[in-house]
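The structure follows.
Nothing in this text is a laboratory measurement; each read-out follows from the coordinates by a stated rule. For clarity, every value in this text was computed on a predicted model and none was experimentally measured. Cβ coordinates were reconstructed from backbone atoms using ideal geometry, including for glycine residues, and neighbour counts include every protein chain displayed.
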Amino acid sequence: MLPTIADVLALETVRRGSPRVVAGADRLDTKVRWVHVGEIADIAHLLRGGELVLTTGVALPEDPEKLADYIGELSSVGASGLIVELGRRFVRELPRAVVKTAEEHGLPVIVLTRETPFVQITESVHSRIIDIQLEELRASEQLHEVFTELSVEGASPAEVLAQVSRLSNRPVLLENLAHQVLACESA
């Protein structure tokens, strides 16, 4: 399961930047597939969706309408959120057009009020993503081994259900197409 924006905000490397959510606070459960650092205004065409975009804003336009377009484009390609480090381009706060448009599009926007090396953020988040993927791969491998062994041994449906129940820690029912219960196993 991919980390959420809330998970990213909880990372020590991000907390050092004193993050403050300025838009989309109700969307912090949005999944982050990848972190992408970009200082260009026309970045949307380089994204695939699920990216958390990091920027200092140095190359963003001054025109409020163009800033609104930037946010709209990020939202339209499915970016999971935007983190802007204050200080270089935007000193104390983001322009109203950014916050307003982000709220309208439901795009979470976070400002970092202290300088933070973006490489540390990307390394932390990407490590977490890779750890999660590795954990899922190990779990998948374990399931494959268990059910291959059951298949090779010619296990009965009751034995298969017992394993499913044990692995999922849930009760399990085996039904036919008419939804008649053929076997069950309580957790």
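Using a Gaussian network for the chain with springs between C-alpha atoms less than 10 Å apart, which of these wobbles most: 152, 84, 164?
152
Measure off 7 Å from each Cα along the Cα-to-Cβ vector at residue 178 and residue 96, then give the distance between these two points in nanometres to one decimal.
Here the modelled spin labels are 6.9 nm apart.
P(r) for the chain: what percent of alpha-carbon pairs falls in each 5 Å bin, starting at zero?
Going from the shortest bin to the longest, the percentages are 1, 8, 14, 16, 14, 9, 6, 6, 7, 7, 6, 4, 2, 0.
If you don't mind, another one. In the chain, which whole DSSP H runs stretch at least 30 Å along their own axis (Cα) and average -1.0 or higher on the Kyte-Doolittle scale?
Length and hydropathy pass: 118-153.
Also, I was wondering about something else. Contour minus end-to-end for residue 41 and residue 140, with contour as 0.36 nm per residue of separation and end-to-end as the Cα-Cα distance?
Computed gain between residue 41 and residue 140 is 31.6 nm.
Still on this model: Return a whole-number percent for the relative contact order of the range 56-187, with Cα pairs under 8 Å and 6 or more residues apart as the contact set.
17
What is the Cα convex hull volume of the range 32-98 when expressed per residue in Å³?
Dividing the Cα hull volume of the range 32-98 by its residues yields 72 Å³.
Further question: Longest span of the chain, sites excluded, free of GluC sites (Glu not before Pro) in DSSP loop with at most 16 other C-beta atoms within 10 Å?
With GluC sites (Glu not before Pro) excluded where exposed in loops, the chain gives 116-187 as its longest stretch.
Would you mind getting me the FRET efficiency between residue 28 and residue 149? Use the beta-carbon distance for r and R0 = 35 Å, nearest 0.05.
The value I calculate is 0.25.
Which of 92, 27, 16 ends up with the largest GNM mean-square fluctuation for the chain, with Cα atoms connected below 10 Å?
92
Then there's this: Which of 156, 76, 18 ends up with the largest GNM mean-square fluctuation for the chain, with Cα atoms connected below 10 Å?
Looking only at 156, 76, 18, the largest GNM fluctuation is found for 156.
If one computes the Cα centroid of the range 128-187 and of the range 29-98, what distance in Å separates the two points?
One Cα centre to the other: 43 Å.
Further question: Among DSSP beta bridges lying fully in the chain, give the percent that are antiparallel, nearest 5.
45
For the range 83-158, what is the relative contact order in percent, using Cα pairs closer than 8 Å and at least 6 residues apart in sequence?
Relative contact order here is 30 percent.
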